[in-house]
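Participant: Quick one: the structure is below, and I'll ask about it shortly.
The values are calculated or read from the model by the stated rules, or taken from the named source; none is laboratory data. Treat the numbers as computed from the prediction; the structure is a model and nothing was measured. Please note: Cβ atoms are built from the backbone with ideal geometry, for glycine as well, and neighbour counts cover all protein chains shown. Only protein heavy atoms, including side chains, enter the accessible area calculation; ligands, DNA and RNA are left aside. Shrake-Rupley method; radii C 1.70, N 1.55, O 1.52, S 1.80 Å.
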Amino acid sequence: MENTPFYFYDLDLLNQTLDSAMYATQLDNFHIHYAIKANNNKKILETIANKGFGADCVSGWEIEAAIEAGFPASSIAFAGVGKTDAEIAIALNRKIGMIHCESLEEILVINEMAQALNYRPQIALRLNPNVNALTHAKISTGLTENKFGLTVREFAELVTILDELNHVQIVGLHFHIGSQILDMTVFEKLSDRILEIVPQFERTLGPFTYLNVGGGLGINYENPTEGIIPDFEAYFETFRRGLAALNVPIHFELGRSLVGQCGSLITKVLYVKKSDDKNFAILDAGMTELMRPALYGAQHKIEKLGANHTENNLLYDVVGPICESSDRFAEGVELPELKRGDILTIRSCGAYAESMSLRYNGREAVGNNLKRTLLNTSLRMVKSA
Ligand SMILES: *Cc1c(COP(=O)(O)O)cnc(C)c1O
């Protein structure tokens, strides 16, 4: 086993997942942009760009990374509640397809910078639709209490400064209400809100030619092997039905659902420690490599590589080596008896895992492996056990 911890990516599974998402939209005027923040590994970006997806970026660095990986500039959308002047300059100079604006002040800044470049970019307004994503509070973004998007009040105020905005083309709307959403009625509610808002847009801002409904489709963390490819059909069908009244191309920004299941964190048991009522398995990976459990209380399936999970199970608290009590992957999880040197795989780590890794505690940058050889064979063994 190579040096642990490291991320392992199954590119076969990634390709199958991408094909499945593309297939589900092939007959529609739907465009999928990959949300790069989920995983910006270069090989993964190139794989996704090659399949013809667009990119959704939230920083200037991500715009440059997207272009370098082969995403056409015209397919890049740029969102973010706090774009710096330097980042806006990158977006304008690269002539990306769309800038999603989140405040009136930001629109004025873009207008001024575009004027200096004698350029008139297309922009879309990110609106906060006040739709509850019914997901974890920390990954919910579409409620008025969240910082994202223009409020309905700012949207109304926009009309009063339209005269000043000669160097932007306001072509449509953008929404993104949250992440890890598995209840399709949430997307039905979003569609209903969009149908209410579009006529308001057209009354004041003219023809509506662009709609972006964001991302947010969730994956199965509890049991990743079951339905390892998310139900893209159900997701897109919800919008196909909900937005049938609109005659514009519809853009989607999927992150987690495209890459989440293709990655695993491979880590070694350093020590097993017993207290009066607990067994601790102390790993060489911690919150610095995989932050989601500490940040959101997220739970990932943990498996012992190559083991039959039906025999001799014990209950473990699985923890990392970092000097923080929140550095814990699982509490009281059933695993085959563990000993020093055993290899564990933490599943569903393709999204918001490696891209969130930190150097806290002076940690080395976590490595990754995109090969499909020996390790993949044993991963398959785990899956079929
Ligand atoms: C993070 C993000 C996404 C992707 O969300 P997923 O839940 O990973 O699909 C899409 N759009 C915006 C604006 C985002 O910030």
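Participant: Kindly indicate the residue of segment 234-251 that is among the aliphatic types (A, V, I, L, M) and open to solvent by 40 Å² or more (accessible area, probe 1.4 Å) and also nearest to GLU196 (Cα to Cα) among those meeting that condition.
Facilitator: By that ranking, first place goes to ALA245.
Participant: Could you tell me which numbered condition ALA133 fails, if it satisfies all but one of (1) of a type in the set (Gly, Ala, Ser); (2) more than 14 Å from the ligand (Cβ to nearest atom); (3) crowded, with 21+ Cβ neighbours inside 10 Å?
Facilitator: Tallying (1) of a type in the set (Gly, Ala, Ser); (2) more than 14 Å from the ligand (Cβ to nearest atom); (3) crowded, with 21+ Cβ neighbours inside 10 Å, ALA133 fails exactly one: (2).
Participant: May I ask you to list pairs of residues, at least six apart or on different chains, whose Cβ atoms are under 9 Å apart, with the first in segment 191-209 being under 13 Å from LEU243 (Cα atoms) and the second being assigned to a helix (DSSP H, G or I) and modelled with pLDDT of 95 or more?
Facilitator: What qualifies is SER191/THR238; SER191/PHE239; SER191/ARG241; SER191/GLY242; ASP192/GLY242; ILE194/GLY242; LEU195/GLY242.
Participant: Still on this model: Which count do you get for residues in segment 249-294 that are within 14 Å of the ligand (Cβ to nearest atom), aliphatic (A, V, I, L, M) and outside any strand (DSSP E or B)?
Facilitator: Result for segment 249-294: 2.
Participant: Could I ask something else about it? For segment 309-359, which positions are over 30 Å from GLU62 (Cα atoms), open to solvent by less than 20 Å² (accessible area, probe 1.4 Å) and part of a loop (DSSP other than H, G, I, E, B)?
Facilitator: Selection gives LEU338, ASP342.
Participant: For the subset of segment 192-209 comprising residues that are under 25 Å from the mean Cα position of the chain (by Cα) and surrounded by fewer than 21 Cβ atoms within 10 Å (Cβ to Cβ), which member is farthest from the ligand (Cβ to nearest atom)?
Facilitator: Top of the filtered list is ASP192.
Participant: More than 18 Å from GLU102 (Cβ to Cβ), away from the ligand (no atom under 13 Å from the Cβ) and open to solvent by less than 10 Å² (accessible area, probe 1.4 Å), is that true of VAL168?
Facilitator: no
Participant: List, please: which pairs have Cβ atoms under 9 Å, are six or more places apart or on different chains, and start with a residue in segment 344-363 that is not assigned by TED's automatic domain parsing to the domain that holds ASN40 and among the basic types (Lys, Arg) and end with one that is within 16 Å of the ligand (Cβ to nearest atom) and open to solvent by 10 Å² or more (accessible area, probe 1.4 Å)?
Facilitator: ARG347/TYR221; ARG347/GLN261; ARG347/HIS300
Participant: Based on what the data block shows, is LEU13 crowded, with 17+ Cβ neighbours inside 10 Å and more than 16 Å from the ligand (Cβ to nearest atom)?
Facilitator: Judged against the criteria, LEU13 is a match.
Participant: Right, another one. Any chance segment 99-111 includes a residue that's in contact with a Ser or Thr (Cβ under 6 Å, 6 or more places away or on another chain) and under 24 Å from ASN40 (Cβ atoms)?
Facilitator: Within segment 99-111 (the criterion being in contact with a Ser or Thr (Cβ under 6 Å, 6 or more places away or on another chain) and under 24 Å from ASN40 (Cβ atoms)), the answer is no, since none of the residues qualifies.
Participant: Quick one: is GLY306 out of contact with any Cys (no Cβ under 8 Å at 6 or more places or on another chain), surrounded by fewer than 21 Cβ atoms within 10 Å (Cβ to Cβ) and not in a helix (DSSP H, G or I)?
Facilitator: yes
Participant: How many of the residues in segment 215-233 are touching a helix residue (DSSP H, G or I) at 6+ places or on another chain (Cβ under 6 Å) and either open to solvent by 20 Å² or more (accessible area, probe 1.4 Å) or not in a loop (DSSP other than H, G, I, E, B) (or both)?
Facilitator: Going residue by residue through segment 215-233, those that are touching a helix residue (DSSP H, G or I) at 6+ places or on another chain (Cβ under 6 Å) are 217, 219, 224-225, 228-230, 232.
Of the ones still in play, those that are also either open to solvent by 20 Å² or more (accessible area, probe 1.4 Å) or not in a loop (DSSP other than H, G, I, E, B) (or both) are 217, 225, 228-229, 232.
Of the residues in that region, 5 qualify.
Participant: Right, another one. So is ALA66 buried (at least 24 other Cβ atoms within 10 Å of the Cβ) and not in a helix (DSSP H, G or I) or not?
Facilitator: In short, no.
Participant: Continuing with the same structure: So, in segment 267-296, how many residues would count as being closer than 15 Å to THR345 by Cβ and open to solvent by 50 Å² or more (accessible area, probe 1.4 Å)?
Facilitator: 1
Participant: Something else: Pairs only if they're at least six apart or on different chains, beta carbon under 7 angstrom, first in segment 51-63 and open to solvent by 60 Å² or more (accessible area, probe 1.4 Å) and away from the ligand (no atom under 12 Å from the Cβ), second modelled with pLDDT of 95 or more and not in a loop (DSSP other than H, G, I, E, B); list them, first residue then second.
Facilitator: Note: pairs meeting the criteria are LYS51/LEU18; LYS51/MET22.
Participant: Right, here's the next one. Restricting attention to segment 78-106, which residues are part of a helix (DSSP H, G or I) and either open to solvent by less than 60 Å² (accessible area, probe 1.4 Å) or not assigned by TED's automatic domain parsing to the domain that holds ILE177 (or both)?
Facilitator: Residues satisfying the conditions are GLU87, ILE88, ALA89, ILE90, ALA91, LEU92, LEU104, GLU106.
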